[in-house]
Amino acid sequence: MSSAIDIAAAVQSGERSAIEVLEEHLGAISERESEVHAFNLVTTDQAIAAATAVDELVAKGGPLGPLAGVPVAIKDNLCTRGVATTCSSKILEGWVPPYDATVVTRLAAAGAIMVGKTNMDEFAMGSSTENSAFGPTRNPHDLSRVPGGSSGGSAAAVAAGFAPISLGSDTGGSIRQPAALCGVVGVKPTYGTVSRLGLIAFGSSLDQVGPFANSVAEAALVCEVIGGHDPGDSTSLPQAFPAVSEHLSDGVAGMRIGLITEMMGEGIAPDVAKRIRAAAEWLAAAGAEVEEVSVPAVTFGLSAYYLVAPAEASSNLSRYDGVRYGLRVDAPTTGEMMELTRTAGFGDEVKRRIMLGTYALSAGYYDAFYGTALKVRTLIRRDFDAAYERFDALLSPTSPTTAFSFGDKTADPMSMYLNDVCTIATNLAGHPAMSVPYGLGDDGMPVGAQVLAPALGEVAMFRVAAALEGSLS
Amino acid sequence: MTEPTSPEPTKAPQTTSERITTEQVAKVAKLARLRLTDEELTRFTGQLGDVLEHAADLDLLDLEGVEPMAQPIPLANVFRKDVPGPILDRDEVLAVAPAAEDGFFRVPPVLGESE
């Protein structure tokens, strides 16, 4: 399968048609989708119409966007006008959004062809895609293992060659962790750099949209296409996405890179830690100054996150009440209708988090839980700021282990949450971070290296990621 | 799982380290408009307790004088210009609603709730 960049160049030059590219990918989907289950919906008809429109544009001589004819898979929590959007939840059954998410509009304007809506943990709550109401996605590298989550379908779609690029969302690691487990690149951009209009909200102070791709360069291009100010999103920063593509071959000579001590010890599988040390050594050999650095407050990230994110979720998900969209379970009164609808429509993990959040926000508990967690956020941000006074970028594992087996962690939610231990602090701080494949663990499954940077430090982040990628080729 | 050996009666925790009780989970479920079976109530109480127990590590921190951070970016009170723009099509929105009538969402009677 070709890269998004090669496909766009071939379509732009008339060497290949968008329809031909689409058919190749639909072929890959029909071959393996039944075993991978990356999609909730494959949008064949819409994709054919969109590809035909691109080909007509080519015949007319343009103008053509930077992703002309490139198939893309979209996480099923991004609204797509006229195409069912479910968040992998029964509660949105039958709902068809009346508008497109801004990122979807921008991809289409760039010439990309949506091939389907990808499976996910229900409402993006989970780290394995096992919380989908429509059954789990399987890891294309080993079907007995999870693809990670919550954007597991988007990661698997790219890893399986169903589309060269896809979009996910990352609230506590939901792009980076599945990218690591599926052996692809995944980017969580700086909070505010990519519009969230049309992203179905989970934790509004944490959620961020970002891409999956097979290479750092493709991910950079997608960020530039979807990023930049959106007047329709009040949390959108009034500036363009950092120009990362032009710096990918800058190298790391002279850069200062810190290896996060707290993410290399207890709880991190030795084979994963070994690969990350190898990455650090390679960066040093390539001319970077690499040192270990302590970012003490990140060890409190998990605790703070599992108070903040559920608190915000309990508020955001109060809108699913059977009144305006999706499922309604009929009852004699509105109050009972709401209760029966929510009880039938939400899965266990969503219920757990709604209750946890409701508890953390309730009178008498607010200060002890939510209030405390917000102060810890400040500490995390301070410790990162201190580290970034000395370093341009930081390095860690993305996930403490390689992909685990189905059912391994479903009985004990806390063990599932521990998967996010390396990714969560980034969301609390609002910083960017990305996962780039860095070899294999002892089990032959992909290991992801996480590159972290300060707010709007995407150029440094992509330089390090591109260097790591280059070291393996 | 509650602490059967605790001599203290159930009360609101002042720190994150005290375990949540089934009574508290039942109350929270009611507030969140969720109905739990007895099995769910027991299971969720244990699982929520595990998370809160993990969160007890926050009690170790000295947070005196630390400002809370509700969101990460220095934007506040972002307003658009007060001019009409495109809005969602009402018929399109109501077409995917569970029930609609005369241009409105339709719901069962609001009064008569047994609360």
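Computed values, structure above
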read-out	value
Failed item in (1) under 11 Å from B:Leu34 (Cβ atoms); (2) facing chain B (nearest Cβ under 7 Å), with A:Gly364 passing the rest	(1)
Conditions (1) touching a helix residue (DSSP H, G or I) at 6+ places or on another chain (Cβ under 7 Å); (2) part of a helix (DSSP H, G or I); (3) among the basic types (Lys, Arg); number of the one not met by A:Arg16	(2)
Which numbered condition A:Ala84 misses (of (1) within 14 Å of chain B (Cβ to nearest Cβ); (2) under 18 Å from the mean Cα position of the chain (by Cα); (3) not β-branched (Val, Ile, Thr))	(2)
Any hit, region A:303-316, residues being within 27 Å of the chain's Cα centre (by Cα) and open to solvent by 50 Å² or more (accessible area, probe 1.4 Å)	yes
So A:Leu197, is it in contact with a helix residue (DSSP H, G or I) (Cβ under 9 Å, 6 or more places away or on another chain) and part of a loop (DSSP other than H, G, I, E, B)	yes
The listed residue being touching a residue at least 60 places away in the same chain (Cβ under 8 Å), surrounded by fewer than 24 Cβ atoms within 10 Å (Cβ to Cβ) and not in a helix (DSSP H, G or I), out of A:Ser234, A:Ser204	A:Ser204
Residue among A:Thr333, A:Thr423, A:Thr358, A:Thr341 that is under 25 Å from the mean Cα position of the chain (by Cα) and either more than 28 Å from A:Ala179 (Cα to Cα) or more than 7 Å from chain B (Cβ to nearest Cβ) (or both)	A:Thr423
Any helices (runs of 4 or more DSSP H) falling wholly within region A:348-456 and containing at least 1 residues that are small (Gly, Ala, Ser) and surrounded by fewer than 24 Cβ atoms within 10 Å (Cβ to Cβ)	A:372-390, A:413-417
Residue check, A:Ala279 more than 22 Å from the chain's Cα centre (by Cα) and either aliphatic (A, V, I, L, M) or part of a helix (DSSP H, G or I) (or both)	yes
In region A:85-110, residue farthest from B:Ala99 (Cα to Cα) [restricted to those that are open to solvent by less than 40 Å² (accessible area, probe 1.4 Å) and of a type in the set (A, V, I, L, M)]	A:Ala110
Flag for A:Thr137 being open to solvent by less than 10 Å² (accessible area, probe 1.4 Å), of a type outside the set (Asp, Glu) and touching a His at 6+ places or on another chain (Cβ under 6 Å)	yes
Check on A:Tyr306, hydroxyl-bearing (Ser, Thr, Tyr), more than 30 Å from A:Pro98 (Cβ to Cβ), at the interface with another protein chain (Cβ under 9 Å from one of its Cβ atoms) and in a loop (DSSP other than H, G, I, E, B)	no
Single unsatisfied condition, A:Gly198 versus (1) in contact with a Cys (Cβ under 6 Å, 6 or more places away or on another chain); (2) modelled with pLDDT under 95	(2)
Number of the condition not met by A:Gly168 [criteria: (1) small (Gly, Ala, Ser); (2) out of contact with any strand residue (DSSP E or B) (no Cβ under 7 Å at 6 or more places or on another chain); (3) touching a residue at least 40 places away in the same chain (Cβ under 8 Å)]	(2)
Filtered residue count, region A:207-231, keeping only those that are within 14 Å of chain B (Cβ to nearest Cβ) and either part of a helix (DSSP H, G or I) or open to solvent by 10 Å² or more (accessible area, probe 1.4 Å) (or both)	3
Out of A:Ala49, A:Ala59, A:Ala8, sole residue that is among the aliphatic types (A, V, I, L, M) and touching a Leu at 6+ places or on another chain (Cβ under 7 Å)	A:Ala8
Test set (1) open to solvent by 10 Å² or more (accessible area, probe 1.4 Å); (2) closer than 25 Å to A:Leu92 by Cα - A:Ala47 fails condition number	(1)
Residues (at negative phi and at pLDDT below 95) located in region A:261-298	A:Gly265, A:Glu266
Qualifying positions in region A:317-339 - open to solvent by 50 Å² or more (accessible area, probe 1.4 Å) and either within 23 Å of B:Ala95 (Cβ to Cβ) or assigned to a helix (DSSP H, G or I) (or both)	A:Ser318, A:Arg319, A:Arg324, A:Tyr325, A:Asp330, A:Glu336
Among (1) under 22 Å from A:Ala8 (Cα atoms); (2) over 15 Å from the mean Cα position of the chain (by Cα); (3) in contact (Cβ under 8 Å) with a residue 60 or more places away in the chain, the one test that A:Val185 misses	(2)
Count of residues meeting criterion [out of contact with any strand residue (DSSP E or B) (no Cβ under 8 Å at 6 or more places or on another chain), open to solvent by 40 Å² or more (accessible area, probe 1.4 Å) and in contact (Cβ under 8 Å) with a residue 12 or more places away in the chain] in region A:242-269	8
Filter result (of a type outside the set (D, E, K, R) and within 9 Å of chain B (Cβ to nearest Cβ)) within region A:318-330	A:Ser318, A:Gly322, A:Val323, A:Tyr325, A:Gly326, A:Leu327
In region A:50-81, the residues that are part of a loop (DSSP other than H, G, I, E, B) and open to solvent by 10 Å² or more (accessible area, probe 1.4 Å)	A:Gly61, A:Gly62, A:Pro63, A:Leu64, A:Gly65, A:Pro66, A:Arg81
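The values are calculated or read from the model by the stated rules, or taken from the named source; none is laboratory data. Predicted model, so just to flag it, every value in this text is computed and none were measured. Ideal geometry is used to build each Cβ from the backbone, glycine not excepted, and the neighbour counts take in all protein chains shown. Surface areas here come from the heavy atoms of the whole protein model, side chains and all, with no ligands, DNA or RNA. Shrake-Rupley method; radii C 1.70, N 1.55, O 1.52, S 1.80 Å.
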